[in-house]
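Enquirer: Quick one: the structure is below, questions incoming.
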Amino acid sequence: MKKVIFVIFIAMMLSGCGKQERNTSYLDVFDTFSTLTMYTSSQEEFTNISDELHSELIKLNRLFDIYNDYEGINNIKTINDNAGITPVKVDKEIIDLLKAGKEAYEKTNGTVNIAMGSVLEIWHSYRENALDNGIYAIPSVEELTEAANHTDINSIVIDESNSTVFITDENTSIDVGAIAKGYAADYAAQFLREKNIGSALLNLGGNVICLNDSTKESWTIGVTSPDDTEEYIDKVALKNKSAVSSGNYQRYYEYNGKRYHHIIDGKTLFPSESNSGVTIVSDSSLEGDIFSTALFILPYEEGIKLAEENNIEALWVTTDGNVYKTQNFDNSTN
């Protein structure tokens, strides 16, 4: 199976570093390869902060998990398991994430929908069956259409005063895959700021967020082509910004010579075919997550309108090989 590359290359230039040391740790969270690079006064400080942040991200990972139960934790799986039965009391982080999910639905005109779990679970099952068991097939239109009858965002009822979430439709389920890493990356950035870290870069499985104090220059990233050439489509300098990419090169299988990836168009109920990759540069990783998904799903002509309406800076690689950028993409990082 051909591996399509649309990854972020990371480098850094510094000035005024003093005696700070640069170290990198690898974080096993959100079922993805992640790294944290920081400048600290000592190896001990780096290790302590890195370990503490890792623990915080594991906590978020468990809260946002839709597949696994954890003792003593009500997570999103708990909410889904109790759909149509009873409200579930949850932590503030879940409330905040689901509120962001509802806002994402409004901002993207329904393109990003956290209530699409019933449809996404079907595709997940077919993909896992192909990759794990060698049984290749695609869902029927009838199967997907029936599941799509249970994707109403309004069936997710959030009660902030009681800190509960209730899904009114027993066949509806929540899937936060389009926004969870973005929320977690922003959470991590705030954690590092509270630890007085002046320079750091977190790559949470493609959600990159950069911290810089006034003495340090930008982190430089380059987006490579999704065609295995490893050529840079563009390079941008990030300073207290986030970059997020979505693409058809992750979590996919091939059937009858066609690729079926994990980003599903809510209108067609099939994987989106308009783009190979989209990268967003924004102030927050959550915003980047939302719009990288939305603009990946939408045809470029619709995506550019949505980007302009929301002051989003984006780069597209369409499936026909064209590269487009919003007018201020290269100047969006200052």
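The values are calculated or read from the model by the stated rules, or taken from the named source; none is laboratory data. Computed from a predicted structure; not experimentally measured. All Cβ positions, even for glycine, are placed from backbone atoms using ideal geometry, and neighbour counts span all protein chains on display. Calculation scope for accessible area: heavy atoms of the full protein, side chains included, ligands and nucleic acids excluded. Shrake-Rupley method; radii C 1.70, N 1.55, O 1.52, S 1.80 Å.
Enquirer: Counting only residues that are in a loop (DSSP other than H, G, I, E, B), open to solvent by 30 Å² or more (accessible area, probe 1.4 Å) and at negative phi, how many does segment 64-84 have?
Expert: So the answer is 9.
Enquirer: If you check Val323 against the conditions, is it over 22 Å from Arg127 (Cα atoms), of a type in the set (A, V, I, L, M) and surrounded by 15 or more Cβ atoms within 10 Å (Cβ to Cβ)? Full working, then the answer.
Expert: Values: over 22 Å from Arg127 (Cα atoms): yes; of a type in the set (A, V, I, L, M): yes; surrounded by 15 or more Cβ atoms within 10 Å (Cβ to Cβ): no.
Criteria not met by Val323.
Enquirer: Of all residues in segment 128-167, count the ones that are in a helix (DSSP H, G or I), of a type outside the set (A, V, I, L, M, F, W, C) and buried (at least 18 other Cβ atoms within 10 Å of the Cβ).
Expert: Residues flagged as in a helix (DSSP H, G or I), of a type outside the set (A, V, I, L, M, F, W, C) and buried (at least 18 other Cβ atoms within 10 Å of the Cβ) within segment 128-167 amount to 1.
Enquirer: Next question. Hey, among Leu306, Leu286, which residue is open to solvent by 20 Å² or more (accessible area, probe 1.4 Å), among the aliphatic types (A, V, I, L, M) and within 27 Å of Lys102 (Cβ to Cβ)? Reasoning before the result, please.
Expert: Details: Leu306 fails: open to solvent by 20 Å² or more (accessible area, probe 1.4 Å).
Of Leu306, Leu286, the one residue that is open to solvent by 20 Å² or more (accessible area, probe 1.4 Å), among the aliphatic types (A, V, I, L, M) and within 27 Å of Lys102 (Cβ to Cβ) is Leu286.
Enquirer: So in segment 243-253, with the set limited to residues that are among the polar types (S, T, N, Q) and in a loop (DSSP other than H, G, I, E, B), which one is least open to solvent (accessible area, probe 1.4 Å)?
Expert: Here is the first cut: in segment 243-253, the ones among the polar types (S, T, N, Q) are 245-246, 248, 250.
Right, trim to in a loop (DSSP other than H, G, I, E, B) and you get 248, 250.
On the way: Asn248: 24, Gln250: 71 Å².
That would be Asn248.
Enquirer: With respect to Gly257, determine if the residue is on the phi > 0 side of the Ramachandran plot and of a type in the set (Gly, Ala, Ser).
Expert: On the way: on the phi > 0 side of the Ramachandran plot: yes; of a type in the set (Gly, Ala, Ser): yes.
It is true that Gly257 is on the phi > 0 side of the Ramachandran plot and of a type in the set (Gly, Ala, Ser).
Enquirer: Which of the numbered conditions does Val119 fail, given that it passes all the others? Conditions: (1) over 30 Å from Glu254 (Cβ atoms); (2) touching a helix residue (DSSP H, G or I) at 6+ places or on another chain (Cβ under 9 Å); (3) not basic (Lys, Arg).
Expert: If we test Val119 against (1) over 30 Å from Glu254 (Cβ atoms); (2) touching a helix residue (DSSP H, G or I) at 6+ places or on another chain (Cβ under 9 Å); (3) not basic (Lys, Arg), just (1) comes out false.
Enquirer: Next question, about the same structure. What is the one condition in (1) open to solvent by 10 Å² or more (accessible area, probe 1.4 Å); (2) touching a residue at least 24 places away in the same chain (Cβ under 8 Å); (3) of a type outside the set (Phe, Trp, Tyr); (4) within 26 Å of Thr145 (Cβ to Cβ) that Lys258 does not satisfy?
Expert: Here Lys258 clears every test but (2).
Enquirer: Quick check on segment 254-269. Is at least one of its residues over 13 Å from the mean Cα position of the chain (by Cα), β-branched (Val, Ile, Thr), closer than 20 Å to Asn113 by Cβ and assigned to a strand (DSSP E or B)?
Expert: yes
Enquirer: Could you please tell me which pairs satisfy a Cβ distance under 6 Å, a separation of 6+ or placement on different chains, a first residue in segment 129-150 that is over 10 Å from Leu269 (Cα atoms), and a second residue that is hydroxyl-bearing (Ser, Thr, Tyr) and in a loop (DSSP other than H, G, I, E, B)?
Expert: Taking only residues 6 or more apart or on different chains, the pairs are Ala130/Tyr136; His150/Thr172.
Enquirer: Another question about this same structure. Working carefully through the options Ile49, Ile79, find the one that is within 30 Å of Glu21 (Cβ to Cβ) and touching a residue at least 12 places away in the same chain (Cβ under 8 Å).
Expert: Ile49
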